[in-house]
Amino acid sequence: MQNSPVRGIVCLCLGVFVFSLQDAVIKQVSGAYPLTQVVSIRSVVAIPILLTLVQIEVGWRAIFSPDFWPLTARAAIMFVSYTAYYMAFPALPLADAVALYFTVPLFVTALAGPFLGERSSRRVWTAVGVGFLGVMVMLQPGSGLFEPAALLSLLAAAMYATSMLMARRLGTAQAASVMAFYQNWVFLAGAGLTAVCLHLLGIERAEHPSLSFLVRSWVWPTLPDGLLIASCGVIAATGMMFLTTAYRIARANLVTSFEYSGILWAPMWGFLFFGEIPRVTTVAGGLLIVGAGLVALRVAKN
């Protein structure tokens, strides 16, 4: 079903909330387990859930889609996005990593023209510029406080925006469950291949916490940690369905503004689980990013 704005908004808000739980879980385990292992376990757990959803929505045969390569390409972009996003967690407060990721709507606005033929006015581009001024406030380049891992959140936002616009283009032909299934198997294959390559190259240690999270050797998890990581499979399957459905059934420049609902959850989980208190620059930069994004999207819709 296309052009269902209310349903699309509800799906997106639910997806953002669900994935915010996964963010907290992955940050919790990022100091002891490698990212490739976490993503692999998550993807394995999600397989039967997604297969069931595919069967309910369109039947298993829909997995053998003639759009195999576009679906796989979109999933590969999502893999890069989430890998970069999760790598930022060990080095940044949760609120900072998520606030920088809120540039997604700005990237969606900027890329909607090339992908969907949706033109943007000068006012839209001005708002986008203000949003990236907020990014500079948060990053504080040249101040000695700049953390390179912040660039990972921005890379993740750009890749995520690209994949969601691709979902909109595929939406008329592909079910949300099928796109989510493709995303999941590419995540599993990508994480496994990355782990094998790192092992063969003998890369197991790194000084920076983001790189350490990526290259660390696999270890057998404790039962509580194993269950915690496995829960990400349920969260991922549910979240992927909600977000993919949102962009598939509603205009990208409408639903994407509700990505900002995540600003309610990241600081709360950061404070409750990690004792993190957002910095003044995080709040100021985040407000500029959110305000600019909302203005850009509102102008773009008119």
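The values are calculated or read from the model by the stated rules, or taken from the named source; none is laboratory data. The model shown is predicted, which means the values in this text are computed figures rather than measured ones. Heads up, the Cβs are rebuilt from the backbone with ideal geometry, glycines too, and the neighbour counts pull from every protein chain shown.
Any residue that is among the small types (Gly, Ala, Ser) and more than 29 Å from ALA99 (Cα to Cα) - is there at least one of those in the range 14-22?
No, the range 14-22 contains no residue that is among the small types (Gly, Ala, Ser) and more than 29 Å from ALA99 (Cα to Cα).
Contact list please: Cβ distance under 6 Å, first residue in the range 234-246 and in contact (Cβ under 8 Å) with a residue 12 or more places away in the chain, second residue among the basic types (Lys, Arg), pairs at least six apart or on different chains.
ALA236/ARG42
Would you list the helices (runs of 4 or more DSSP H) that sit entirely within the range 210-288 and hold 2 or more residues that are modelled with pLDDT of 85 or more and under 30 Å from SER4 (Cβ atoms)?
223-249, 266-274
Inside the range 1-31, can you point out the residues that are under 21 Å from ARG216 (Cβ atoms) and charged (D, E, K, R)?
ASP23, LYS27
Looking at the range 32-86 only, could you name the residues that are more than 27 Å from PRO221 (Cα to Cα) and among the charged types (D, E, K, R)?
The answer is GLU57, ARG61, ASP67, ARG74.
Which of the following residues is touching a Leu at 6+ places or on another chain (Cβ under 6 Å) and touching a residue at least 12 places away in the same chain (Cβ under 8 Å): LEU12, LEU35, LEU53?
Answer to the selection: LEU35.
ALA91 fails exactly one of the following numbered conditions: (1) in a helix (DSSP H, G or I); (2) of a type in the set (A, V, I, L, M, F, W, C); (3) at pLDDT 80 or above; (4) buried (at least 20 other Cβ atoms within 10 Å of the Cβ). What is the number of that condition?
Only one criterion is unmet by ALA91, namely (1).
Exactly one of (1) at pLDDT below 80; (2) in contact with a helix residue (DSSP H, G or I) (Cβ under 6 Å, 6 or more places away or on another chain) is unmet by ARG74. Its number?
(1)
Inspect all residues belonging to the range 105-126 and state whether any of them is at pLDDT 85 or above, assigned to a helix (DSSP H, G or I), out of contact with any Phe, Trp or Tyr (no Cβ under 6 Å at 6 or more places or on another chain) and among the charged types (D, E, K, R).
no
Give me the residue from the range 176-202 that is touching a Phe, Trp or Tyr at 6+ places or on another chain (Cβ under 9 Å) and farther than 19 Å from VAL38 by Cβ and, out of that set, surrounded by the fewest Cβ atoms within 10 Å (Cβ to Cβ).
Once the filter is applied, the top-ranked residue is ALA176.
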